[in-house]
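A short worksheet on the structure shown next.
The values are calculated or read from the model by the stated rules, or taken from the named source; none is laboratory data. Predicted model, so just to flag it, every value in this text is computed and none were measured. A quick note on method: Cβ atoms are made from the backbone with ideal geometry, for glycine too, and the neighbour counts reach across all protein chains shown. To get the accessible areas, we keep the full protein, side chains included, count just its heavy atoms, and leave off ligands, DNA and RNA. Shrake-Rupley method; radii C 1.70, N 1.55, O 1.52, S 1.80 Å.
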Amino acid sequence: MDEKIAKAIVSSPLGGLEITAENGAVTTLNWVDEEPTTPVNSQSLADATAELHAYFARDLKDFTVACLPAGDAFERAVWAAMCEIPYGVTATYGDLAAIVGKPARAVGGACGRNPIPIIIPCHRVVGAGGRMVGYSGKGGVETKQWLLQHEGALLL
C-alpha cells in the first residue's frame, strides 16, 4: 500500500510535523508551518500519524511504527539506545556513551542528527545532572522541556 516516498503533515501541540516515509518505514520528521494533510496510500504514514496523535493525547508510550533513519552505524547505535529509554524517563549523554562505547560529545552529535525526533526520543537525553542542553527540533530546549513535561519525566 505504501508509495515509494510519501509525506504527510500532522498537527500537534508543537505545530505542524511533516513525516516522510519510504518503502514502508518512516525516514524523517520535521517541524513545518503548513496545514495538516491526509496520508494517501501510505500505511506507514497512517500508522505514524495515529501513533503521534495517541502520544500527544497521552494514550501511547511506545512507538511501534517502522523507522529507517539514514545515518552511519554509530548514529544508528545511538538512536537505537535512545529508543530503549522508557517514556517518562531521562538518560544522560554519558549514560548513552557508556552503552555505545564512544565519548558523550559524539553521542550529543548523533542526538542532534536524529532525523526522526519524538518517535526516536532524543528529547529524553539530558546533560549531566539533568541539565537541559540542546534539542534540534523547532523551539530548541523549550520544546525538549515541553516533551519531557508532557511525559512526566523525572530528571536524573
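Worth pointing out:
- Test for Glu22: is it on the phi < 0 side of the Ramachandran plot, modelled with pLDDT under 95 and of a type in the set (Asp, Glu): yes
- Counting only strands (runs of 3 or more DSSP E) that sit wholly inside the stretch 1-63, those with at least 3 residues that are out of contact with any helix residue (DSSP H, G or I) (no Cβ under 9 Å at 6 or more places or on another chain) and open to solvent by less than 90 Å² (accessible area, probe 1.4 Å) are 25-32.
- Of the residues screened, Glu84 is one that is modelled with pLDDT of 95 or more and surrounded by fewer than 17 Cβ atoms within 10 Å (Cβ to Cβ).
- The set of residues in the stretch 64-80 being part of a loop (DSSP other than H, G, I, E, B) and not aliphatic (A, V, I, L, M) consists of Thr64, Pro69, Gly71, Asp72.
- For Thr27, the requirement of being more than 16 Å from Ile118 (Cβ to Cβ) and touching a residue at least 24 places away in the same chain (Cβ under 8 Å) is not met.
Rundown of residues vs (1) surrounded by fewer than 24 Cβ atoms within 10 Å (Cβ to Cβ); (2) of a type in the set (Ser, Thr, Tyr); (3) out of contact with any helix residue (DSSP H, G or I) (no Cβ under 9 Å at 6 or more places or on another chain), yes/no style:
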position: Gly94; (1), (2), (3): yes, no, no
position: Gly101; (1), (2), (3): yes, no, no
position: Arg105; (1), (2), (3): yes, no, no
position: Gly109; (1), (2), (3): yes, no, no
position: Gly112; (1), (2), (3): yes, no, no
position: Arg124; (1), (2), (3): yes, no, no
position: Gly129; (1), (2), (3): yes, no, yes
position: Ser136; (1), (2), (3): yes, yes, no
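- Residue selection: Gly137 fails the criterion of being at pLDDT below 95, part of a helix (DSSP H, G or I) and not β-branched (Val, Ile, Thr).
- The set of residues in the stretch 18-35 that are more than 12 Å from the chain's Cα centre (by Cα) and closer than 24 Å to Glu151 by Cα comprises Glu18, Val32.
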